[in-house]
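Participant: Input: one structure, supplied below.
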Amino acid sequence: MIMSGKFGRYGGVFVPELLIPALEELEGAFLKYREDKKFNKELEYYLQEFAGRPTSLYFARNLSEKWGCKVYLKREDMLHTGAHKINNTLGQGLLAKYMGKERLIAETGAGQHGIATAVVGALLNIPTEVYMGSEDVERQKLNVFRMELSGARVLSVDSGSRTLKDAINQAFRDWITNVDTTHYLIGSTMGPHPYPTMVKHFQKVIGRETKEQILQKEGELPDAVIACVGGGSNSIGIFSEFIDDEEVELIGVEGGGEGIGSGRTGATLSVGTEGILHGSFSYVLQNFDGQITEAHSVSAGLDYPGVGPEHSYLKITGRAEYVAITNKEALRGFELLSKYEGIIPALESSHAVAYAEKYAKMKENRGRSIVVNLSGRGDKDMFLVAREMGEKI
Amino acid sequence: MNSEEDYKNSKGNYNNSKGNYKNSEEDYENSKGNSDSLNIRVESYSAMFQRAKEKSEGVFIPFIVAGDPDFETSLQIVRELVEGGADALEIGFPFSDPVADGPTVQSADIRSLNAGMTTAKGFEFIRKIREFTSIPIGLLVYYNLIYKMGVDTFYENARKSGVNGILAADLPPEEAGDAVKAAEKNGLNQIFLAAETTSNERLQEIIKLCSGFLYVVSVMGVTGARSEMGTSTVEMVGRMRSHTKLPLCVGFGISKPEHITEVIKAGANGAIVGSILIDVIAENLGDQDILKAKIRESCREMKEATLKDQIE
């Protein structure tokens with residue numbers, strides 16, 4: 001490895017020896033191509049023409065009036081496939097192509113990252129297989145069908161908890177077996193080095209655009225940037241550009257599930273402890289012995305017992321603050337944005353919206369400007385939300 | 001890490017949600033203080049390899065998961081392995097997310113955890129084995145179990161219960177500083193993996209840190225029985241042999257006595273066999289007598305494959 005892949009004490013390469021050569025190869029390719037003109041030009045082209053960048057920074061007038069703050073929404077929900085995930089899958093997909101890999105594998109929970117990988121596989125003509133827990137396959141049939149329409153094969157994982165965590169385990173096992181031909185396209189800023197650094201690189205575009213846009217509209221930096229945190233890629237993407245601007249508050253919102261004291265939560269940074277999961281040292285949900293426990297959140301994207309190592313670093317250094325929003329509060333955020341702005345957010349992003357309301361209503365924050373990263377749209381969540389609201393559709 | 005503090009911090013975070021395994025605080029408290037009293041006789045890896053060399057045979061090391069399918073049965077299985085001719089033992093502590101393992105070992109992990117296995121009980125398990133055998137015992141774990149207990153405490157417990165060496169499946173040399181230090185401090189061997197894709201350069205780095213034996217991964221993949229042994233395994237063993245005097249033991253994917261003979265002929269000192277034995281456990285959960293008889297029989301067959309008349 002050329003870099004240590006550490007963020008303070010967090011991160012690293014906690015993987016079986018068999019994977020080290022593949023990680024070294026990937027790190028080498030990433031460091032080379034991120035400086036490569038042709039690569040960057042091609043990526044730029046796809047981000048614009050295929051994915052729909054740049055996304056707007058939309059001034060949410062109605063909510064701003066209601067909350068007494070200036071509320072801006074970074075509209076990643078407008079991207080192709082409906083979320084920020086495509087920024088990373090385009091970047092890594094293209095990298096895999098430059099590396100001469102013949103096959104892409106990915107893990108997916110609710111299916112968003114799986115879909116974003118599947119369409120990139122179709123776009124770049126790389127056969128794609130997506131691991132998905134059998135319980136998620138059952139819950140997210142529509143997304144399974146979407147992936148299959150884009151030519152990907154969905155592999156149902158029947159081991160362990162049969163959800164995202166085990167889909168990741170299975171993807172690692174596949175990669176260990178097929179390292180020569182295959183690129184493992186991890187969907188978040190987690191996993192062993194170089195993934196947290198590489199995924200951040202491909203998601204930084206969110207923060208770069210946001211900064212430019214807010215300076216143009218407001219002439220100054222925002223007071224706070226709020227984003228939801230599961231594995232942590234949309235939040236790192238938007239935070240990264242503001243980390244050195246210490247006057248900007250960075251707030252990560254975790255999936256609190258039924259509440260952080262309930263034992264049924266996805267709020268890894270709020271209630272977890274330090275440990276090693278899926279290749280890196282970070283905060284994890286675990287028991288006394290270090291057995292990883294199950295996460296819980298109404299939103300599949302926040303339903304993960306680990307978190308990207310850079311978030312652990314930002315937490316411990318105090319540069320970012322992490323809070324938890326419960327399932328119930330997130331549903332309120334979902335309804336608020338739908339009703340007052342005509343924008344239906346993903347349940348993940350609804351957590352950020354819900355916290356933005358809390359933030360805006362604190363006395364000391366009156367009149368401040370807030371950027372909420374609207375990481376995805378809510379189409380995928382319609383059935384679930386309807387059920388939660390007691391509606392039949 | 002201070003495990004006392006950790007214990008307090010972790011309280012209440014992991015109540016009874018689905019899929020969470022037994023909380024071992026109690027085991028941990030109970031196990032404190034009673035381990036120093038044991039006077040354990042432990043044979044070293046080097047003595048064991050020397051013994052095999054003198055007999056012109058290879059060594060056979062069976063692997064099972066501690067507590068699979070439950071503590072008592074598992075202990076009886078180990079007894080059969082020892083009586084069946086095992087030269088050393090590789091004992092896994094179960095982990096919730098074993099990325100280097102195939103479905104066979106993962107299922108064993110799940111059976112063991114569901115039967116209440118914890119890290120503290122794992123050490124208790126080793127102490128029980130030490131009551132009837134002195135052959136070398138290697139632990140195969142995932143690093144989070146070590147980290148969570150505290151690296152020093154884990155290695156100290158390992159030494160006190162009679163462990164010879166520790167291999168953490170997800171701990172490459174880059175991250176192994178603390179573990180190697182703790183191993184040295186406690187007089188334990190830190191064992192590392194090397195594979196076909198491991199370059200000669202990297203192999204040198206691994207060998208610098210590795211002691212006891214080098215665990216050579218015979219296939220590119222996870223643990224699990226395979227019907228064929230790749231021809232590249234033979235070449236790889238030869239390459240590694242040319243780089244180190246450390247004993248080489250080949251594991252991952254070995255499922256037949258012929259494979260064992262083959263890797264020893266290629267220059268390995270021994271073979272590690274897990275999944276095929278664990279399959280026997282999984283297939284005979286209903287009948288302990290048959291299970292024990294079959295385990296002993298498999299073990300005998302595989303030990304035979306290491307004998308002088310087979311490998312010459």
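Participant: Pairs please, first residue from the range A:1-25 and within 10 Å of another protein chain (Cβ to nearest Cβ) and over 24 Å from A:Val307 (Cβ atoms), second anywhere and β-branched (Val, Ile, Thr) and outside any loop (DSSP other than H, G, I, E, B), Cβ atoms under 6 Å, 6+ apart in sequence or on different chains.
Facilitator: Cβ pairs passing all conditions: A:Leu18/A:Ile176.
Participant: Can you find a residue in the range A:253-261 that is charged (D, E, K, R), more than 10 Å from chain B (Cβ to nearest Cβ) and closer than 18 Å to A:Thr189 by Cα?
Facilitator: yes
Participant: Still on this structure, please answer the following. Looking for whichever is touching a Gly at 6+ places or on another chain (Cβ under 9 Å), assigned to a loop (DSSP other than H, G, I, E, B), in contact (Cβ under 8 Å) with a residue 24 or more places away in the chain and not small (Gly, Ala, Ser) here; the options are A:Pro192, A:Pro196, A:Pro222. Which one fits?
Facilitator: A:Pro192
Participant: As an exercise: evaluate A:Thr177 against (1) facing another protein chain (nearest Cβ under 9 Å); (2) crowded, with 24+ Cβ neighbours inside 10 Å; (3) farther than 22 Å from A:Gly308 by Cβ and give the number of the one condition it does not meet.
Facilitator: The failed condition is (2).
Participant: A further question on this structure: Please verify whether the range A:47-57 includes one or more residues that are of a type in the set (Ser, Thr, Tyr) and surrounded by 21 or more Cβ atoms within 10 Å (Cβ to Cβ).
Facilitator: Looking for residues that are of a type in the set (Ser, Thr, Tyr) and surrounded by 21 or more Cβ atoms within 10 Å (Cβ to Cβ), one finds at least one in the range A:47-57, hence yes.
Participant: While we're looking at this one, here's another question. Provide a single number: the residues in the range A:82-95 that are outside any helix (DSSP H, G or I) and out of contact with any strand residue (DSSP E or B) (no Cβ under 6 Å at 6 or more places or on another chain). Give the steps one after another, and end with the answer.
Facilitator: Narrowing the range A:82-95 to residues outside any helix (DSSP H, G or I): A:83-84.
Pick out the ones that are also out of contact with any strand residue (DSSP E or B) (no Cβ under 6 Å at 6 or more places or on another chain) and you get A:84.
Within the range A:82-95, residues that are outside any helix (DSSP H, G or I) and out of contact with any strand residue (DSSP E or B) (no Cβ under 6 Å at 6 or more places or on another chain) number 1.
Participant: How many residues are in a loop (DSSP other than H, G, I, E, B) and surrounded by 21 or more Cβ atoms within 10 Å (Cβ to Cβ) when one looks only at the range B:268-312?
Facilitator: Restricting attention to the range B:268-312, the residues satisfying the condition of being in a loop (DSSP other than H, G, I, E, B) are B:268-269, B:274, B:284-287, B:305-307, B:312.
The next check asks that each one be surrounded by 21 or more Cβ atoms within 10 Å (Cβ to Cβ); those that pass are B:268-269, B:274, B:305-306.
Total meeting the criteria: 5.
Participant: Do you know which of the residues in the range A:128-169 that are surrounded by fewer than 24 Cβ atoms within 10 Å (Cβ to Cβ), modelled with pLDDT of 90 or more and within 14 Å of chain B (Cβ to nearest Cβ) is farthest from A:Asp303 (Cα to Cα)?
Facilitator: A:Leu155
Participant: Kindly establish whether A:Glu274 is of a type in the set (Asp, Glu), within 14 Å of chain B (Cβ to nearest Cβ), surrounded by fewer than 24 Cβ atoms within 10 Å (Cβ to Cβ) and not in a loop (DSSP other than H, G, I, E, B).
Facilitator: yes
Participant: Which of the residues belonging to the range B:108-131 are outside any helix (DSSP H, G or I) and in contact with a Ser or Thr (Cβ under 7 Å, 6 or more places away or on another chain)? So that I can check it myself, show each step before the final result.
Facilitator: If we filter the range B:108-131 for residues that are outside any helix (DSSP H, G or I), which is where we start, we get B:115-118, B:131.
Result: B:Thr118, single match.
Participant: Also, quick follow-up: Read through the list (1) surrounded by 23 or more Cβ atoms within 10 Å (Cβ to Cβ); (2) not in a helix (DSSP H, G or I), then give the number of the only condition that B:Ser74 fails.
Facilitator: (2)
Participant: Mind checking whether some residue in the range B:126-145 is touching a strand residue (DSSP E or B) at 6+ places or on another chain (Cβ under 6 Å), of a type in the set (Phe, Trp, Tyr) and within 14 Å of chain A (Cβ to nearest Cβ)?
Facilitator: yes
Participant: Here is a follow-up. Where in the range B:149-267 are there strands (runs of 3 or more DSSP E), lying wholly inside it, with at least 3 residues that are away from every other protein chain (no Cβ under 11 Å) and at pLDDT 95 or above? Break it down stepwise before answering.
Facilitator: Working: elements: B:165-168, B:214-217, B:248-251.
Qualifying strands (runs of 3 or more DSSP E): B:248-251.
Participant: Take the residues in the range A:181-193 that are out of contact with any Lys or Arg (no Cβ under 9 Å at 6 or more places or on another chain) and closer than 21 Å to B:Met220 by Cβ, then tell me which one is nearest to the other protein chains (Cβ to nearest Cβ).
Facilitator: A:Pro192
Participant: Any residue that is β-branched (Val, Ile, Thr) and more than 20 Å from the chain's Cα centre (by Cα) - is there at least one of those in the range A:141-157? Outline the logic, then answer.
Facilitator: We begin by selecting, within the range A:141-157, every residue β-branched (Val, Ile, Thr); these are A:144, A:154, A:157.
Retained after the next criterion (residues that are more than 20 Å from the chain's Cα centre (by Cα)): A:154, A:157.
Yes, the conditions are met somewhere in the range A:141-157.
Participant: Which of the residues spanning the range A:111-127 are in contact with a Gly (Cβ under 6 Å, 6 or more places away or on another chain) and surrounded by fewer than 24 Cβ atoms within 10 Å (Cβ to Cβ)? Before you say what the answer is, go through the steps one by one.
Facilitator: First, the residues of the range A:111-127 that are in contact with a Gly (Cβ under 6 Å, 6 or more places away or on another chain): A:113, A:120, A:122, A:124.
If the condition is that a residue be in contact with a Gly (Cβ under 6 Å, 6 or more places away or on another chain) and surrounded by fewer than 24 Cβ atoms within 10 Å (Cβ to Cβ), then A:Ala122, A:Leu124 are the ones that fit.
Participant: Kindly indicate which of A:Leu269, A:Leu336, A:Leu374, A:Leu347 is under 30 Å from B:Ala168 (Cβ atoms) and modelled with pLDDT of 95 or more.
Facilitator: Values: A:Leu336 fails: under 30 Å from B:Ala168 (Cβ atoms); A:Leu374 fails: under 30 Å from B:Ala168 (Cβ atoms); A:Leu347 fails: under 30 Å from B:Ala168 (Cβ atoms).
Testing whether each residue is under 30 Å from B:Ala168 (Cβ atoms) and modelled with pLDDT of 95 or more leaves just A:Leu269.
Participant: Is it the case, given these coordinates, that B:Leu209 is within 18 Å of A:Val15 (Cβ to Cβ) and either surrounded by fewer than 23 Cβ atoms within 10 Å (Cβ to Cβ) or within 18 Å of the chain's Cα centre (by Cα) (or both)?
Facilitator: Working: within 18 Å of A:Val15 (Cβ to Cβ): yes; either surrounded by fewer than 23 Cβ atoms within 10 Å (Cβ to Cβ) or within 18 Å of the chain's Cα centre (by Cα) (or both): yes.
Taking the combined requirement at face value, the residue satisfies it.
Participant: While we're here: Could you identify the single residue in A:Ala110, A:Ala118 that is among the aliphatic types (A, V, I, L, M), under 15 Å from A:Leu164 (Cβ atoms) and under 21 Å from the mean Cα position of the chain (by Cα)?
Facilitator: Details: A:Ala118 fails: under 15 Å from A:Leu164 (Cβ atoms).
Selected residue: A:Ala110, the only one of A:Ala110, A:Ala118 that is among the aliphatic types (A, V, I, L, M), under 15 Å from A:Leu164 (Cβ atoms) and under 21 Å from the mean Cα position of the chain (by Cα).
Participant: Take the range A:339-354 and flag every residue that is within 18 Å of the chain's Cα centre (by Cα) and in a helix (DSSP H, G or I).
Facilitator: A:Leu347, A:Glu348, A:Ser349, A:Ser350, A:His351, A:Ala352, A:Val353, A:Ala354
Participant: Filtering the range A:34-58 down to residues that are under 23 Å from the mean Cα position of the chain (by Cα) and aromatic (Phe, Trp, Tyr), which residue is nearest to A:Gln213 (Cα to Cα)?
Facilitator: Applying the filter and picking the extreme gives A:Tyr58.
Participant: Take the range A:282-304 and flag every residue that is farther than 19 Å from A:Ala330 by Cα and more than 8 Å from chain B (Cβ to nearest Cβ).
Facilitator: Keep residues of the range A:282-304 that are farther than 19 Å from A:Ala330 by Cα, which gives A:282-294.
A:Ser282, A:Tyr283, listed by residue number.
Participant: Regarding the range A:305-321, can at least one residue be identified that is part of a strand (DSSP E or B), in contact with a strand residue (DSSP E or B) (Cβ under 6 Å, 6 or more places away or on another chain) and farther than 24 Å from B:Phe95 by Cα? Walk me through how you get there before you give the answer.
Facilitator: Step one: list which residues in the range A:305-321 are part of a strand (DSSP E or B), which gives A:306, A:320-321.
Of the ones still in play, those that are also in contact with a strand residue (DSSP E or B) (Cβ under 6 Å, 6 or more places away or on another chain) are A:306, A:320-321.
Next, only the ones that are farther than 24 Å from B:Phe95 by Cα stay: A:320-321.
Looking for residues that are part of a strand (DSSP E or B), in contact with a strand residue (DSSP E or B) (Cβ under 6 Å, 6 or more places away or on another chain) and farther than 24 Å from B:Phe95 by Cα, one finds at least one in the range A:305-321, hence yes.
Participant: Right, something else. Can you tell me which residue among A:Gly290, A:Gly266 is part of a loop (DSSP other than H, G, I, E, B), surrounded by 24 or more Cβ atoms within 10 Å (Cβ to Cβ) and without any contact (Cβ under 8 Å) to a residue 24 or more places away in the chain?
Facilitator: On the way: A:Gly266 fails: without any contact (Cβ under 8 Å) to a residue 24 or more places away in the chain.
A:Gly290 is the lone residue from the list that is part of a loop (DSSP other than H, G, I, E, B), surrounded by 24 or more Cβ atoms within 10 Å (Cβ to Cβ) and without any contact (Cβ under 8 Å) to a residue 24 or more places away in the chain.
Participant: Taking the stated definitions as given, is B:Glu83 surrounded by fewer than 23 Cβ atoms within 10 Å (Cβ to Cβ), without any contact (Cβ under 8 Å) to a residue 24 or more places away in the chain and under 26 Å from B:Glu304 (Cα atoms)? It would help to see each step written out before you state the result.
Facilitator: Working: surrounded by fewer than 23 Cβ atoms within 10 Å (Cβ to Cβ): yes; without any contact (Cβ under 8 Å) to a residue 24 or more places away in the chain: no; under 26 Å from B:Glu304 (Cα atoms): yes.
Criteria not met by B:Glu83.
The values are calculated or read from the model by the stated rules, or taken from the named source; none is laboratory data. Since we're looking at a predicted model, the values are computed, not measured. When we count neighbours, we look across all protein chains shown, and the Cβ atoms used for this are built from the backbone with ideal geometry, even at glycine.
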